[in-house]
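> Let me give you the structure first, and then I'll get to my questions.
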Amino acid sequence: SLFGVINHCVTPMGSRLLRKHIQTPLTRQSVILERLDAVSFLIQNSQQSNLIDSLLVQLGDLERLAGKISLRRANPRDFLALHHALKICSELHALGHAINNSYLKARCDMINPLDELCQKIVRELRHDAPQQIGKAPIFKEGFSIELDELRQISVHAKTYLLNLREKEVQRTGIHSLKVGFNQVFGYYLEVTNTHREKVPVDWIRRQTLANAERYVTEELKDYESKILGAEDKILALETKLLEELKEFAAQFVPALTLNGILCAELDVVLSHSKSAQKNGYTRPEVNEGESLLISSGRHPVIEKFIPADSSYIPNDIYLDNKDQQIIIITGPNMSGKSAILRQTALIVLMAQIGSFVPAERAVIGICDKIFTRVGASDNLARGESTFMVEMTETASILNNISHKSLILLDEIGRGTSTYDGISIATAIAEYLHGNPLCRPKTLFATHYHELTELAEYKSRIKNFHVRVMESDGKIVFLRKLV
């Protein structure tokens, strides 16, 4: 897909924004030129381009983090990731003064490092905080006196249990004695069946296993209540402190979201610069005129499938509203008619999202709409045959065109009888040529050679065909529009 070819974004936000740009291209010349200027700057200034790239690749998904914080679903690891992202944001913000491009500089300047939030995370959270509460300590020592005191009880419990085991070993002579814990029985002393006769009478049996017995003592039961009480309090307190951090961070969600958008915009223009250099794209000339000139244009997706020992055969296209409004393209099946139609639309689309294009030169008068009637499909569930779908789509095109539209018509009228199809195709071409309100630029691929007669009495219709030749009894497709 086009997205697959030009997507060199290093952040998830950038990839999402690039997809959105492809779905919603620009129609304002000033905004298009602003993006193109940014792409040119990044190509010409590789050091700054590489620096921005090296920072963005470390950023992570800032928009997703902002969403989790807004929903109060962020976990401790998310906050650590947020702290790292904000450090990157701070470095990107600092780059603003050194960048001599208005588009890039404005976005770097608008990035908010959110120092207050960043410092709070550093001050409160441990660098190795777990993803879930209760797995390991979350907050740093010294942040909460109450939490530190509870932790001391929990930490000293391990020492106490080791001392208790040593004391009971000395008392009973059972050197294989173990002290353990499970959720059902709590803390226990485990003795193998070999040493069962040495168990003191004051021990209380808790559980019988295949090869061992588990016991408790009054002392162990008392200390268990202290330990488990402390752990429950630690869990409750850490939960409370984490909720407070979530509420504090929630007030910064608008700024975090804006940071994500700004970083995504940097990532997208950086991706365009990578595509241009990797694929040999050139900067299009975009204006408010009504003509379209493409010199040596290529299909950005198809050329990726060309074998290494071959190259994509480029083609020229010129359309305007005065002399060459409609091009009738004829040629045999598999000769490349559809590829020429689609590459023209894709080049216009790429230019209007601010990308360089696969052509030696492209002068593009901004299009407000790109209409296509290609392929064969039906909608039988709604009672629409292949022909009916084609006619419905064609009618929609004819009812919504404007002076700045680009229309691609591929094999109109093929879903019915030959003469009906020719009549429909002829009528559509004559309507597009003779419409007094608008003259949309049109590429019309057809097998109906009768349509070429239109050029004899319609001044803005021109005939082109895709060349083929015969060699040694075989057909050779030259893929060249002449």
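The values are calculated or read from the model by the stated rules, or taken from the named source; none is laboratory data. Bear in mind the structure is a predicted one, so any value in this text is a computation, not a measurement. All Cβ positions, glycine included, derive from the backbone under ideal geometry; neighbour counts span all protein chains shown. Areas reflect the complete protein model, heavy atoms only, side chains present, ligands, DNA and RNA absent. Shrake-Rupley method; radii C 1.70, N 1.55, O 1.52, S 1.80 Å.
> With runs of 4+ DSSP H residues as the only contributors, calculate the mean residue ellipticity of the chain at 222 nm using -39,500 (n - 2.57) per run, divided by the residue total and rounded to the nearest 500. Show your work: numbers first, answer last.
Values: 14 runs with 227 residues, N = 482.
That calculation yields -15500 deg cm²/dmol at 222 nm.
> Next up: In Å, what is the Rg of the alpha-carbon atoms in the stretch 139-243, and how long is Dmax?
Taking only Cα atoms of the stretch 139-243, I get Rg and Dmax of 16.5, 53 Å.
> Work out the length of the dipole vector of the chain about its Cα centre, built from +1 on the beta-carbon of each Lys and Arg and -1 on the beta-carbon of each Asp and Glu, and round it to the nearest 20 debye.
420 debye
> If you don't mind, another one. So what is the relative contact order of the stretch 82-202, in percent, for Cα pairs below 8 Å that sit 6 or more residues apart? Don't skip to the end; give the middle numbers.
Working: 91 pairs, mean separation 15.4, N = 121.
The normalised contact order for the stretch 82-202 reaches 13 percent.
> While we're on this one: Cross-link partners among aspartates and glutamates for Lys120, C-alpha distance below 15 Å, same-chain residues fewer than 8 apart left out?
Cα-Cα hits under 15 Å: Asp78, Glu141, Glu243, Glu244, Glu247.
> Tell me which DSSP H helices of the chain clear both cut-offs, 18 Å or more of axial length from alpha-carbon atoms and a mean Kyte-Doolittle hydropathy of at least 0.0.
Values: long enough: 29-44 (22 Å, 0.83); 76-95 (29 Å, 0.34); 145-172 (40 Å, -0.64); 218-250 (48 Å, -0.37); 253-279 (38 Å, 0.39); 337-351 (22 Å, 1.23); 386-400 (22 Å, 0.27); 418-434 (24 Å, 0.41).
Once both thresholds are applied, what remains is 29-44, 76-95, 253-279, 337-351, 386-400, 418-434.
> Same structure again: Compute the distance in nm between two label points, each set 7 Å from the Cα along the Cα-to-Cβ direction, one at Arg77 and one at Val468.
With each label placed 7 Å out from Cα toward Cβ, I get 5.9 nm.
> OK, next. Averaged across orientations, what area in nm² does the convex hull of the alpha carbons in the chain project?
On the way: hull surface 150.7 nm².
Seen from a random direction, the Cα hull of the chain projects 37.7 nm² on average.
> Across every pair of different alpha-carbon atoms, what Kirkwood hydrodynamic radius in Å does the stretch 77-143 reach? It would help to have the intermediate numbers written out before the result.
Values: mean 1/r = 0.0745 Å⁻¹.
With all distinct Cα pairs of the stretch 77-143 included, I get 13.4 Å.
> Please report how far the C-alpha centroid of the stretch 215-283 lies from that of the stretch 115-192, rounded to the nearest whole angstrom.
Spelled out, the Cα-based centre of one part sits 24 Å from the other.
> Got the relative contact order for the chain handy, in percent, Cα pairs under 8 Å and 6 or more residues apart? All intermediate terms of the calculation are to be shown ahead of the outcome.
Details: 769 pairs, mean separation 82.5, N = 482.
Relative CO of the chain lands at 17 percent.
> Convex hull volume of the Cα atoms in the stretch 364-407, per residue, in Å³? Working shown, then result.
Working: hull volume 3.1 nm³, N = 44.
Convex hull of Cα atoms, per residue: 70 Å³.
> Now a separate question. Taking one equal scatterer on every alpha-carbon of the stretch 332-438, how large is log10 of I(q)/I(0) by Debye at q = 0.19, 0.25 1/Å?
With one equal scatterer per Cα and no solvent, log10 I(q)/I(0) is -1.11, -1.39.
> Rounded to a whole number of µm²/s, how large is the Stokes-Einstein D of the stretch 260-347 at 25 °C and 0.890 mPa s, given Rh as the Kirkwood radius over C-alpha pairs? Please list the in-between numbers first.
Numbers: Rh = 15.5 Å.
Result for D is 159 µm²/s.
> Which value, in Å², gives the accessible area per residue of the chain when a 1.4 Å probe is used on the protein heavy atoms? Can you show the working numbers first?
Details: 23790 Å² over 482 residues.
Per-residue value: 49 Å².
> Kirkwood hydrodynamic radius (Cα pairs, Å) of the stretch 1-89?
Values: mean 1/r = 0.0660 Å⁻¹.
With all distinct Cα pairs of the stretch 1-89 included, I get 15.1 Å.
> Rounded to whole Å, give me the distance from the Cα center of the stretch 400-424 to that of the stretch 1-60.
Centre-to-centre (Cα) distance: 36 Å.
> Given the stretch 172-321, report the % of alpha carbon pairs whose separation exceeds 19 Å.
Values: 8536 of 11175 pairs.
When every Cα pair of the stretch 172-321 is considered, 76 percent fall beyond 19 Å.
> On to the next question. Which value, in debye to the nearest 20, describes the size of the charge dipole of the stretch 261-331 about its Cα centre when Lys and Arg Cβ atoms bear +1, Asp and Glu Cβ atoms bear -1, and nothing else is charged?
Working: 6 positive and 10 negative charges, 65 e Å.
Computed about the Cα centre, the dipole is about 320 debye.
> If you place +1 on the Cβ of every Lys and Arg, -1 on the Cβ of every Asp and Glu, and leave all else neutral, what size is the dipole of the stretch 225-300 about its Cα centre, to the nearest 20 Debye? Intermediate results must be reported in sequence, preceding the final value.
Working: 8 positive and 11 negative charges, 79 e Å.
In debye, rounded to 20, the stretch 225-300 gives about 380.
> Further, regarding this structure: Hey, which of these cross-link pairs are over 29 Å Cα-Cα: Lys87/Lys135; Lys274/Lys369; Lys369/Lys474? Show your work: numbers first, answer last.
Values: Lys87/Lys135 27 Å; Lys274/Lys369 27 Å; Lys369/Lys474 41 Å.
Listed pairs above 29 Å: Lys369/Lys474.
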